Amino acid sequence: MLALFLLLALLLVLVGHAFRLLRWEQFIRIYERPPRGQMLRGMAGGYALNFVLPFHLGDAFRAVYTGRRMKSGIGFALATVIMDRFLDVWFVAFGFIAFRLLGLGGAPVDGAARYYLVFSLLLVLGLVLVVALRDFLKKICLAFCGLFNDTLKLDGMMFFWSLINTFKDLGRVKIGRLVVNTLLMWAAYLGSYTALAAALTVAGEPMQLVDVFGLLFGRNAADFAALLPGGALGTAAPAARWLLLAVPTGLVCGAVGTAFHLAVEHVTEWRGEHVWLLWLLPLAGLAIVALYKLTGCEGMGTNNVIRAVHSGESVSPLLVPAIFLGTVLTHLCGGSAGREGAALQMGGSIGYNIARLFRFSDHDRRTATACGMAAFFSALFGTPLAATLFGIMVEDVGLAFSVAFVPGFAAALIAYGVSLACGISPTHFELTAPALSIDSTLLVAVLGVACALVARAFCWLLHTMEHEMPRRLPNPWVRAVVGGAAVVALSYLMGVGRYNGAGMGVITAAVEQGQALPWDFICKILLTALTLSAGFKGGEVVPSFYIGATFGCVFGPLLGLPAGFAAAVGLISVFCGATNTLIPSILLAYELFGGVGLELIALGCGVCYMLSGTHGLYSSQLFVTEKLLSEYTESWGKRLHH
């Protein structure tokens, strides 16, 4: 009897595979004639591997083996296999839900039912989004694949195109035949599972259909749970979890970052066409105060995100809409602020809350926060490598949070790809540099010293006003109105439009044309400090670019350096001195200027870093090492001893 049941189980599973083969053929037949023999052998090998490998990795073998003999290639074969498994998830979800409603299987079936229900709903949502956004997704895929060599680019494009088109072309499949093949396939499989349960019962291991079903498909839920903290793979393969985190973080930061970039760009153009919007800045300040009170984000800023990396301090998801709308309002009405400070806050919040959604531990959420910062910065500037290093080094001066590099860089590349697909060009300047010589080296070193003084002055005035304004005007409503009115008055005194907003046009003119006014950097320091201390939102990074570029453009020719090149040195050096991030600043110079004059820019940057002191834009930064001495700082030394 045992042998009879086992033989029946084997025959029925082969019948089920035959119907699976017929169903798989339906997806392939849309584009070409299915190679049945190759498909059958691929299925046999794939199922054998699925018994020993998690996550149905044997299906990858099925796709590769079959795709080698297909005109459309491996990418198309993999897309059809994914579609085949896509339908299986729905049926398995129905099965577990049915067992649960019948009260069979206990807690394991309950957990598997919840997993497959959520998974199937997400797949339905994904199907709808792929069909609705297929043109947009193709642009993203093209930009992402374009990061690799031609061979990988073609393979990747074929896979993504095939997957998207397979979902889109479901209407070309004969639905009636698809349903019949699916029902007959699963009827054969369920009969096989029932026969196997009977064979095991005869052999002395009492089992029912629900037990065999749970053993076969409950493993998928366990495999996924193992990726989460506390799971088997959560401790054995943390890299898998980081990459799992990097994908949604990069996609979300890329999408939100692109929307943010376009919004700021649009309102900046609108303000240029309608100068009267500047008079609405006090009203915009009131709206920002109300927005932050409504979302409970009062007092939150970049320092909170840095503290989240240090100590695990929570970052509210409401910070994303608050800083997004607050920055857009500030730029719309002419506040003097940047956008990358807002990017660090939004990226940190997105990374932290995605990790929280995945139930990551406290320390892992800190890493996720740094990854989000890197991804959002990359989406805005188009500098993924500098963004990643900035995200993992800005928290502790002299120390790199190296565990976040791979997930941060992966998220940054994905976000960069999304921004490219949406038509956002990376920030780049055309630059001509003098030859590397003793004279140019000495002159750039002197410029670096001067930039350190400018960086110190900018940070000192910014922090002084951030403390004095709330002390003298403790009511945030009054502070916003008075500060906004002061910015409007100073704008008309100094020149409307030149110092409002981020000022990328002035930066470009300084670097590429060698044009700047002698007082530009002073006016920008004053207006930026006033804008941010009054409660308006944005960032300090682009203003530091503006201040450094205009200062270098004016001061460099006095030393005998070309104005445009001196502006580039000033841009990077003041940014470095203000943020205390040496290596990210040098990489930023490489990505912004294409490596032109990198040695001289790095020299000016290093001198400015050494002399800019232990203060910067972010008061929550921790200084691990001294800048001029080969030893730990006193505060960090005490922490080591404790």
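Structure values in brief
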{"item": "Along each principal axis, Cα extent of region 391-550, largest first, Å", "result": "48, 42, 36"}
{"item": "Burial ranking of peptide ranges 596-603, 368-375 (average Cβ count within 10 Å, highest at the top)", "result": "368-375, 596-603"}
{"item": "Solvent exposure, largest accessible area first (probe 1.4 Å, DNA, RNA and ligands not counted), of His363, His331", "result": "His363, His331"}
{"item": "Two-decimal log10 I(q)/I(0) for region 479-545, as the Debye equation yields it once each C-alpha is a single scatterer, q = 0.11, 0.25, 0.26 Å⁻¹", "result": "-0.25, -1.15, -1.22"}
{"item": "Estimated translational D of region 329-406 in µm²/s (Stokes, Kirkwood radius over Cα pairs; 25 °C; 0.890 mPa s)", "result": "189"}
{"item": "25 °C / 0.890 mPa s Stokes-Einstein diffusion coefficient of region 444-495, Kirkwood radius on C-alpha pairs, µm²/s", "result": "187"}
{"item": "With all protein chains modelled, accessible area of Thr614 [1.4 Å, Å²]", "result": "70"}
{"item": "Solvent-accessible surface (1.4 angstrom probe) belonging to Val482, in square angstrom, nearest 10", "result": "70"}
{"item": "Using distinct alpha-carbon pairs, which all enter the 1/r mean, Kirkwood radius of region 237-300 in Å", "result": "15.0"}
{"item": "Where region 460-556 is the region considered: accessible area per residue in Å², 1.4 Å probe", "result": "38"}
{"item": "Against the rule of thumb 2.2 N^0.38 Å, how large the Cα Rg of region 348-465 comes out", "result": "1.35"}
{"item": "Centre separation in Å (Cα based) which lies between region 572-600 and region 438-475", "result": "17"}
{"item": "Equivalent ellipsoid semi-axes - Cα gyration tensor, region 497-583, angstrom", "result": "21, 15, 10"}
{"item": "Burial ranking of peptide ranges 345-358, 541-554 (average Cβ count within 10 Å, highest at the top)", "result": "541-554, 345-358"}
{"item": "log10 of Debye I(q)/I(0), alpha-carbon scatterers only, for region 1-55 at 0.22 Å⁻¹", "result": "-0.93"}
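The values are calculated or read from the model by the stated rules, or taken from the named source; none is laboratory data. No experiment lies behind these values; they were computed from the predicted model shown. Glycine gets a Cβ as well: all are built from the backbone with ideal geometry, and neighbour counts include every protein chain shown. Side chains included, ligands, DNA and RNA excluded: accessible areas come from the protein's heavy atoms. Shrake-Rupley method; radii C 1.70, N 1.55, O 1.52, S 1.80 Å.
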